[in-house]
Ligand code: 2RA
């Protein structure tokens, strides 16, 4: 199988290569693809040196699979060109997520929607993936009415420029800014750009993508997305109101039996999810599971996951693995 990693020089691209190697992904030929400015750059992978190629050359090689993390505009322009060449594209940008003709996939939840005809498949936003991994089993059992989520998002979600800004601030160096303000000793309630309704695109992704993935537009979601000076993963405080009542012990058991979810929840010994422990792992960690006594049938919980792995690279590659296993690729 010929595989292209598009955006191979970015943070998600680098993690995709790491995950492909870890999971011994079955490819016969690998193309590392990036923008014009990176063509010719050498990247070593599995003891072999690869030269980065451009998008046009990659399309001409007609890969079977293209794993995209190259931004929305590149995906808008180039994903259809790869698809026309017969390539199956799995895209990490927001370009195709809300397109009614495109599938938005978290394999543990809705991979069974996929068919051979799906040539452009959308990978959800990182903060959505970790939340719906927990919401999905709870929705099935107790039916969700409303979700209130506040996120605490790692600077790695913004990219290399943001990581560099924090490093510079810690070193007392004035450098290029990824954010409108310093991020060191600060939190910024502004992820992505503001829409006319006063919410950011990041917040509206949590609303819109959750409803699409759970296939239920009646689920009310409201979100506040905040950037914090940490690496290793996104954290989320989630309040859920259900149609039906629940038992917290039963909730904990249901989540502990959910593939890809790990319950870390024992306040007697200060056990709860944190980015420093989620970093580099593929699971979604959930804890602080407790009833919200302020209203009926309501639950609070805390979710942490590595935004570059299950939030992006690993979920993408799990979709590809599903396609291969079901002979859809
Ligand atoms: C962020 N989820 O964290 C967005 C894009 N990766 O900035």
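The values are calculated or read from the model by the stated rules, or taken from the named source; none is laboratory data. Predicted, not measured: the structure shown is a model, and the values here were computed from it. Backbone-built Cβ (ideal geometry, glycine too); neighbour counts: all protein chains shown.
Of all residues in region 102-157, those satisfying the criterion of being more than 21 Å from residue 75 (Cα to Cα), within 16 Å of the ligand (Cβ to nearest atom) and touching a strand residue (DSSP E or B) at 6+ places or on another chain (Cβ under 9 Å) are 130, 131, 133, 149, 150, 151, 152, 153, 154, 155. Evaluation of residue 74 against the conditions (1) more than 20 Å from the chain's Cα centre (by Cα); (2) under 20 Å from residue 157 (Cα atoms) shows that the sole unmet condition is (1). Of all residues in region 241-267, those that are exposed (fewer than 13 other Cβ atoms within 10 Å of the Cβ) have Cβ atoms under 8 Å from Cβ atoms of residues that are assigned to a helix (DSSP H, G or I), 6 or more apart or on another chain, in 243/142; 244/141; 244/142; 245/142; 259/108. Remark: residue 132 matches the filter, which requires a residue to be surrounded by 16 or more Cβ atoms within 10 Å (Cβ to Cβ), assigned by TED's automatic domain parsing to the domain that holds residue 292 and in contact (Cβ under 8 Å) with a residue 12 or more places away in the chain.
Taking the conditions exactly as written (surrounded by fewer than 22 Cβ atoms within 10 Å (Cβ to Cβ) and out of contact with any helix residue (DSSP H, G or I) (no Cβ under 7 Å at 6 or more places or on another chain)), does residue 46 satisfy them or not? Talk me through it step by step, then tell me what you get.
Values: surrounded by fewer than 22 Cβ atoms within 10 Å (Cβ to Cβ): yes; out of contact with any helix residue (DSSP H, G or I) (no Cβ under 7 Å at 6 or more places or on another chain): no.
So residue 46 does not fit the description; no.
Has region 5-24 got at least one residue that is in a strand (DSSP E or B), crowded, with 16+ Cβ neighbours inside 10 Å and within 24 Å of the chain's Cα centre (by Cα)? The answer is yes, given that some residue of region 5-24 is in a strand (DSSP E or B), crowded, with 16+ Cβ neighbours inside 10 Å and within 24 Å of the chain's Cα centre (by Cα).
Listed residues 73, 93, 60, 154; which is over 30 Å from residue 257 (Cα atoms) and buried (at least 17 other Cβ atoms within 10 Å of the Cβ)?
Numbers: 73 fails: buried (at least 17 other Cβ atoms within 10 Å of the Cβ); 60 fails: buried (at least 17 other Cβ atoms within 10 Å of the Cβ); 154 fails: over 30 Å from residue 257 (Cα atoms).
Of 73, 93, 60, 154, the one residue that is over 30 Å from residue 257 (Cα atoms) and buried (at least 17 other Cβ atoms within 10 Å of the Cβ) is 93.
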